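Contents: one structure, followed by commentary.
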Amino acid sequence: MSYPLHFNALSLKRKKLRNSKALLRLERVSKSIDGNTILRDINLEIGEGEFLSILGASGSGKSSLLYIMALLDRPTSGEVFFEEDRINFDEELSPIRNSKIGFVFQFHYLLPELTAVENVIVPMLKAGITKEKSLKRAGELLKKLGLEGKEDRKPYQLSGGEQQRVAIARAIANEPKVLFADEPTGNLDSKNSETVMDIFLKLNSEGNTIVMVTHEEELAEFGTRVLTMSDGRILEERAIEKG
Ligand SMILES: Nc1ncnc2c1ncn2[C@@H]1O[C@H](COP(=O)(O)OP(=O)(O)OP(=O)(O)O)[C@@H](O)[C@H]1O
Ligand SMILES: [Mg+2]
């Protein structure tokens, strides 16, 4: 797969927006399920405005790590800090998840009985935004993601790439501080993958922090940093130089 050159311009632009404030920090995070250790002693810091890619073989722990970072799952041991606050996984974390975290799954998990625009307003209504305002913002987001005119279609009336874009609109509806994506292009052809990467690069150039799991080395390099996992550990970490 090859990607157009204009991505490089965006990459340069977003580089300037990055700063060093830690948005998320994992300290000695481990996870075991039924006696199997799937994450081992992970130490990781994600700065505001970063675009972190996570590579690794199937079963290496990428999704497990992403779920813990997105506060969807708890570590067996270790600490997670979000904006320097220690997360207490015994507390209800949906308020912080709803307002500060967006998540795009490999399979979009749109609600099949709702239209595109209805799917996008769900997290906004949950956050207490009025229906009128939610509909307005959902319309703007869908337009931004190239779905103008398709707002009232249900997921089955949209292509895979379009569904994934609706899922991205939903994930960013509440202007999250950080967007997590688990193989967001895993089920898409190269054209739709490009569109999704283009959207992520634009969001990142606007200052959004992005953490993306992918199998593809080439896609990982759209990030500002690539982390490679193996057997529940961070095997390698490298910064991507742009331009
Ligand atoms: N709920 C669970 N119960 C038991 N084992 C699990 C569970 N979730 C994950 N695992 C195991 O943990 C390991 C890491 O899984 P994980 O889904 O994080 O891998 P991954 O790197 O995302 O793989 P893939 O690229 O295939 O999505 C695997 O061996 C998996 O079988
Ligand atoms: Mg996975």
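How do the strands (runs of 3 or more DSSP E) wholly within the stretch 17-97 filter down when requiring 2 or more residues that are within 12 Å of ligand 1 (Cβ to nearest atom): which remain? Talk me through it step by step, then tell me what you get.
Numbers: elements: 22-33, 36-47, 51-56, 77-82.
Those strands (runs of 3 or more DSSP E) span 22-33, 36-47, 51-56.
How many of the residues making up the stretch 50-99 are away from ligand 2 (no atom under 16 Å from the Cβ), small (Gly, Ala, Ser) and at pLDDT below 95?
Total meeting the criteria: 2.
Considering only residues that are more than 16 Å from ligand 1 (Cβ to nearest atom), part of a strand (DSSP E or B) and either crowded, with 22+ Cβ neighbours inside 10 Å or free of Cβ contacts under 8 Å to residues at least 12 places away in the same chain (or both), which ones fall in the stretch 210-228?
Within the stretch 210-228, just Ile210 meets the criteria.
Criterion first (in contact with a Gly (Cβ under 6 Å, 6 or more places away or on another chain) and under 18 Å from Arg40 (Cα atoms)) does Gly78 satisfy it? Outline the logic, then answer.
On the way: in contact with a Gly (Cβ under 6 Å, 6 or more places away or on another chain): no; under 18 Å from Arg40 (Cα atoms): yes.
Spelling it out, it is not the case that Gly78 is in contact with a Gly (Cβ under 6 Å, 6 or more places away or on another chain) and under 18 Å from Arg40 (Cα atoms).
Within the stretch 100-117, work out how many residues are within 16 Å of ligand 2 (Cβ to nearest atom) and either open to solvent by less than 20 Å² (accessible area, probe 1.4 Å) or touching an Asp or Glu at 6+ places or on another chain (Cβ under 7 Å) (or both).
Of the residues in that region, 3 qualify.
Need the failing condition index for Glu206 against (1) open to solvent by 20 Å² or more (accessible area, probe 1.4 Å); (2) out of contact with any Ser or Thr (no Cβ under 7 Å at 6 or more places or on another chain); (3) under 28 Å from Leu111 (Cα atoms), just the number.
Unmet for Glu206, out of (1) open to solvent by 20 Å² or more (accessible area, probe 1.4 Å); (2) out of contact with any Ser or Thr (no Cβ under 7 Å at 6 or more places or on another chain); (3) under 28 Å from Leu111 (Cα atoms): (3).
Taking the stretch 118-146, which residues are over 19 Å from the mean Cα position of the chain (by Cα) and crowded, with 21+ Cβ neighbours inside 10 Å?
Passing the criteria: only Ser134.
The values are calculated or read from the model by the stated rules, or taken from the named source; none is laboratory data. Not measured: the values here are computed from a predicted model. FYI the Cβ positions are ideal-geometry reconstructions off the backbone, even for glycines, and counts take in every protein chain you see. Areas reflect the complete protein model, heavy atoms only, side chains present, ligands, DNA and RNA absent. Shrake-Rupley method; radii C 1.70, N 1.55, O 1.52, S 1.80 Å.
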